[in-house]
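For reference, the structure is listed below as structure tokens.
The values are calculated or read from the model by the stated rules, or taken from the named source; none is laboratory data. Values in this document were obtained by computation on a predicted structure and should not be read as measured data. Glycine gets a Cβ as well: all are built from the backbone with ideal geometry, and neighbour counts include every protein chain shown. Areas reflect the complete protein model, heavy atoms only, side chains present, ligands, DNA and RNA absent. Shrake-Rupley method; radii C 1.70, N 1.55, O 1.52, S 1.80 Å.
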Amino acid sequence: MSMLPVFYDYSPVSAFYPAMPIRNMLTSMLNDELALLPQVTAAPRRNLPAKWSQSFHLDNYNPDEVKVNVDDGCVRIHARHVRGGEENGEVRETKRCIKIPEGVDASKVHCKMLNDRTYLVEAPLLRNEEEEEMEVQVESVPAITDGKKEDMQLVESSKPYETKLDLSVFEPDHITVKRRGNLVSVSADHSREEDGVKVSRSFRREFTVPKGVDYKNIKCVRDPKGHVAIMAPKTPEFKK
């Protein structure tokens, strides 16, 4: 169990009242129910990562009376107010438990106070490598083999997967290969002047790596003739 500090982002809304009218109490209860709905937000600018956030309300508690900690996949809130002495006084207590959803980095949960009764719990989402686009480096080789090395073929069951591309009109630095999950995209662009006329060439191809291929270890090679091949080993279960 780890105790979280509660950051205070306070804009005064109302004074602290020891008693709560019944109408305010019912309103607070409704707000609490609405606040317990989970929220996932994504910052649209500068490609900031998405985050999980959830707010909750605690009426008539001072900031130092609210304790927040993370325990067993939950954010646990414990608010306790004592008016008078411990043995002869009024004790008011509130407890909340907010389950941290899957895909949220529980090690980076933090809490801040927005005003005199609203708190916000936030945490970034875990990175999903399957959703990230990765560039595959194009390596130069003396020659591209005929694919007899079975563990370096793109295969679907026992059929070879055609990966050779003729990009001889492009230089190596014109070619870009990217992978997002098992989706591979190959693009090439080049412009130059020929007899006073601007000539542009473009190439686009996108394909899905078939089942049984370890697409995370995909490799791209280019020979001196401009032939490009996309290769990857089989997954262990397909090597048998």
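Model label sites at R92 and V169, defined 7 Å from Cα along the beta-carbon direction, differ in position by 7.7 nm. Exposure check, 1.4 Å probe, all protein chains in place: L114 carries approximately 60 Å² of accessible surface. Spin-label model, V141 to H227: label points 7 Å out along the Cα-to-beta-carbon direction sit 1.1 nm apart. Just the protein heavy atoms count here, and of the accessible area of the stretch 50-124 at 1.4 Å, carbon and sulfur take up 43 percent. Remark: the stretch 185-240 carries 62 Å² of accessible area per residue (probe radius 1.4 Å; ligands, DNA and RNA excluded).
Computed with a 1.4 Å probe over protein heavy atoms only, the accessible surface of the stretch 50-124 comes to 49 Å² per residue.
Here is the result for the stretch 61-96: no trypsin sites (Lys or Arg not before Pro) lie in DSSP coil with at most 12 other C-beta atoms within 10 angstrom of their C-beta. Sites listed here are trypsin sites (Lys or Arg not before Pro) in the stretch 156-237 whose DSSP assignment is loop and whose Cβ has at most 12 other Cβ atoms within 10 Å: K211, K225.
C74 contributes about 20 Å² of solvent-accessible surface, heavy atoms of the protein only, 1.4 Å probe.
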